[in-house]
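Worksheet for the structure shown next.
The values are calculated or read from the model by the stated rules, or taken from the named source; none is laboratory data. Here the structure is a predicted model, which is why all the values come from computation and not from measurement. So basically every Cβ, Gly included, is an ideal-geometry build from the backbone, and we count neighbours across all protein chains shown. Ligands, DNA and RNA are stripped out before the accessible areas are found, and what is left, the full protein with its side chains, is counted by its heavy atoms. Shrake-Rupley method; radii C 1.70, N 1.55, O 1.52, S 1.80 Å.
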Amino acid sequence: MLSTNYVAGVPNWVDLATTDVDAAAAFYGAVFGWQFQSAGPDAGGYGLLTLDGKTVAAVGPLMEQGATPSWTLYFQTQDANATADAVKQAGGVVRAEPFDVFTQGRMGQFTDPSGGKFAVWQPGDTKGLDEVNVPGSLCWAELHTADAAGATSFYQAVFGWATQDVPMGDFSYRLIRPRGGGEESTFGGMMPLDPQMTAAGMTTTWQSYFEVADCDATVAKTAEHGGAVVMPAQDVPQVGRMAWLADPAGAAFSVITSVAQ
C-alpha cells in the first residue's frame, strides 16, 4: 500500500492539468470535499488540493501544447537528472527536462515507450503528499498498457521495481513494489489493454485511484456534478468496490472503497 514514508520509485505526488482550474476545484470539492489553496502569484495558477488541511493532490492549467485534461502521477527520485538519463537509455521520451520548482523540489516529465505519461519528483522543501490511503486521497497507481512485458522492462530499468503476477479472471494482473520492498510496500499494478478497451479509444495510461468511503455514493456525486461514469461500480473480490470516472473536462480517474485489511 502507499505510504508517506517516501522511498525511491514510489508515487509521492499527483496533480491535474486542466482547462479551468476553478471549475475543477469546484467539481472535486463536491466529489471529495477538497479545498483549493493557491500556490501563489508566481505559480502560474497552480495550487494545492487539501483535505482537513493536508495536501492530497494539486491542480494547475494545461501547459503542454496539444495536451488534454489529465491526472499525472509522480514517482519519487533522489536524482531527477539521473532518472531522465535512465528514461532515455530505456527507450522512453523526456517531455520536460528536470527543473527546479522554487525550493520545493525538482521535477521532470516523461513518456514510456508505449505512450504512458508520468513524472518524477525529487524532494526539496516538499517531500510529497501529506496524506494517502484515507478517504479522499490517493491510494493506488495502475498502468493500463498495450505492452506489459515492455513496460515491466522499462520501469525496472528506470526505477528498479519488483513485480509479481496475480491471476485475475482471464488475465494476469502485475503488482508493483519498490526495489527491496516487501509485499506490504506494493503500491500499484499493471494490466493489459484488452480489445474492448482499445476499441473504446483507451491508450496506454497511468490511472490514479482515490480511496472513498462509499464508492456508489461517489459515483452518484460525480454524475450529479457533470462528470462521466466510464465503468460503473463493481466488486473485485478481496480488493474492494471500484469505478472508473471522468471529470467534466474529461480527465480520467478511479475510485475504490477498499476491503479492510
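Below is a table of values for the structure above.
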item: Filter result (open to solvent by 10 Å² or more (accessible area, probe 1.4 Å) and of a type in the set (Gly, Ala, Ser)) within region 3-23; result: Ser3, Ala8, Ala17, Ala23
item: Selected residue (criterion: surrounded by the fewest Cβ atoms within 10 Å (Cβ to Cβ)) from residues of region 202-220 that are hydroxyl-bearing (Ser, Thr, Tyr) and more than 22 Å from Ala149 (Cα to Cα); result: Tyr209
item: Contacts under 8 angstrom Cβ, first residue in region 157-178 being under 15 Å from Asp147 (Cα atoms) and crowded, with 18+ Cβ neighbours inside 10 Å, partner small (Gly, Ala, Ser) and modelled with pLDDT under 95, 6 or more apart; result: Arg174/Ala148
item: Search result, residues across region 103-118 that are within 30 Å of Ala213 (Cα to Cα) and either open to solvent by 50 Å² or more (accessible area, probe 1.4 Å) or free of Cβ contacts under 8 Å to residues at least 60 places away in the same chain (or both); result: Lys117
item: Residues being over 25 Å from Glu131 (Cα atoms), open to solvent by 40 Å² or more (accessible area, probe 1.4 Å) and part of a loop (DSSP other than H, G, I, E, B) - total across region 179-196; result: 1
item: Residue within region 215-234 that is assigned to a loop (DSSP other than H, G, I, E, B), without any contact (Cβ under 8 Å) to a residue 60 or more places away in the chain and either over 25 Å from Gly116 (Cα atoms) or in contact with a Pro (Cβ under 8 Å, 6 or more places away or on another chain) (or both) present; result: no
item: Residue list for region 127-156, filter: touching a residue at least 40 places away in the same chain (Cβ under 8 Å) and among the hydroxyl-bearing types (Ser, Thr, Tyr); result: Ser137, Thr145, Ser153, Tyr155
item: Residue among Val101, Val59 that alone is of a type in the set (Val, Ile, Thr) and touching a helix residue (DSSP H, G or I) at 6+ places or on another chain (Cβ under 8 Å); result: Val59
item: Counted residues, region 143-156 - those being open to solvent by less than 10 Å² (accessible area, probe 1.4 Å) and either at pLDDT below 95 or in contact with a strand residue (DSSP E or B) (Cβ under 9 Å, 6 or more places away or on another chain) (or both); result: 5
item: Criterion (surrounded by fewer than 20 Cβ atoms within 10 Å (Cβ to Cβ), out of contact with any Phe, Trp or Tyr (no Cβ under 9 Å at 6 or more places or on another chain) and within 16 Å of Phe27 (Cα to Cα)) met by exactly one of Ala246, Ala199, Ala223; result: Ala223
item: Asp100 open to solvent by 60 Å² or more (accessible area, probe 1.4 Å), part of a strand (DSSP E or B) and charged (D, E, K, R); result: yes
item: Output for region 52-97, where each listed residue is crowded, with 18+ Cβ neighbours inside 10 Å, hydroxyl-bearing (Ser, Thr, Tyr) and in a loop (DSSP other than H, G, I, E, B); result: Thr77
item: Flag if Thr257 is modelled with pLDDT of 95 or more, among the β-branched types (Val, Ile, Thr), surrounded by 19 or more Cβ atoms within 10 Å (Cβ to Cβ) and assigned to a strand (DSSP E or B); result: yes
